[in-house]
């Protein structure tokens, strides 16, 4: 399966999101704070954007485990625990797969200030795994 050109997607381009690392069941993305014009409490990254960043990291992570004829489907559930304002110069988003089954995948995501490691948010994301129909 070919690796998507994540940098070419509108969301990644709009917000300057970079895939730093992607390997089996793991993905690390980063976003520079200067590229985020949508701000939240205490001039931090907006909470809605935190959720979308976590979901994007999960999609990249899930893609690392896709077999032939599989693709990531819809997000079924996403929960966010906001722990501290994301105000660092660069925020890292790390996704780890907990379990990928035949139809559903569940992962955990952490957003951290890259400079000092402050944990800004944790997410649990459940996504659909879509399999191509046999001819």
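The values are calculated or read from the model by the stated rules, or taken from the named source; none is laboratory data. What you see is a predicted model; the values in this text were computed from it and never measured. Methodologically, a virtual Cβ is constructed for each residue, glycine included, from the backbone with ideal geometry; neighbour enumeration extends over all protein chains shown.
Given the condition farther than 23 Å from residue 130 by Cα and without any contact (Cβ under 8 Å) to a residue 40 or more places away in the chain, answer yes or no: does some residue in segment 64-82 qualify?
Taking segment 64-82 as the starting set, the residues that turn out to be farther than 23 Å from residue 130 by Cα are 80-82.
Retained after the next criterion (residues that are without any contact (Cβ under 8 Å) to a residue 40 or more places away in the chain): 82.
For segment 64-82, residues farther than 23 Å from residue 130 by Cα and without any contact (Cβ under 8 Å) to a residue 40 or more places away in the chain: present.
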Scanning segment 67-78 for residues that are surrounded by 15 or more Cβ atoms within 10 Å (Cβ to Cβ) and either over 16 Å from the mean Cα position of the chain (by Cα) or farther than 19 Å from residue 94 by Cβ (or both) gives 70, 73
Pairs needed: first member in segment 92-107, under 12 Å from residue 25 (Cβ atoms); second member anywhere, at pLDDT below 95; C-beta distance under 8 Å; at least 6 residues apart or different chains.
105/72
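Would you check if residue 19 is over 18 Å from residue 127 (Cα atoms) and within 14 Å of the chain's Cα centre (by Cα)?
Working: over 18 Å from residue 127 (Cα atoms): yes; within 14 Å of the chain's Cα centre (by Cα): yes.
Criteria met by residue 19.
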Can you spot a residue in segment 46-62 that is touching a strand residue (DSSP E or B) at 6+ places or on another chain (Cβ under 7 Å), surrounded by fewer than 17 Cβ atoms within 10 Å (Cβ to Cβ), modelled with pLDDT under 95 and farther than 15 Å from residue 110 by Cα?
yes
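For the subset of segment 31-45 comprising residues that are touching a strand residue (DSSP E or B) at 6+ places or on another chain (Cβ under 6 Å) and crowded, with 17+ Cβ neighbours inside 10 Å, which member is modelled with the highest pLDDT?
First pass over segment 31-45, keeping only residues touching a strand residue (DSSP E or B) at 6+ places or on another chain (Cβ under 6 Å): 31-32, 36.
Narrowing the set further to residues that are crowded, with 17+ Cβ neighbours inside 10 Å leaves 31, 36.
Numbers: 31: 93, 36: 71.
Looking at residues that are touching a strand residue (DSSP E or B) at 6+ places or on another chain (Cβ under 6 Å) and crowded, with 17+ Cβ neighbours inside 10 Å, I get 31.
Hey, among the residues in segment 83-96 that are part of a strand (DSSP E or B) and out of contact with any helix residue (DSSP H, G or I) (no Cβ under 6 Å at 6 or more places or on another chain), which one's farthest from residue 22 (Cα to Cα)? Break it down into steps so the answer makes sense when it comes.
Of the residues in segment 83-96, the ones part of a strand (DSSP E or B) are 90-96.
This time we only want the ones that are out of contact with any helix residue (DSSP H, G or I) (no Cβ under 6 Å at 6 or more places or on another chain), so: 90-92, 94, 96.
On the way: 90: 18, 91: 17, 92: 13, 94: 10, 96: 10 Å.
Here the answer is 90.
Does residue 128 satisfy being at pLDDT 95 or above, farther than 14 Å from residue 27 by Cα and loosely packed, with under 15 Cβ neighbours inside 10 Å?
On the way: at pLDDT 95 or above: yes; farther than 14 Å from residue 27 by Cα: yes; loosely packed, with under 15 Cβ neighbours inside 10 Å: yes.
Yes; evaluated as a whole, the condition is true for this residue.
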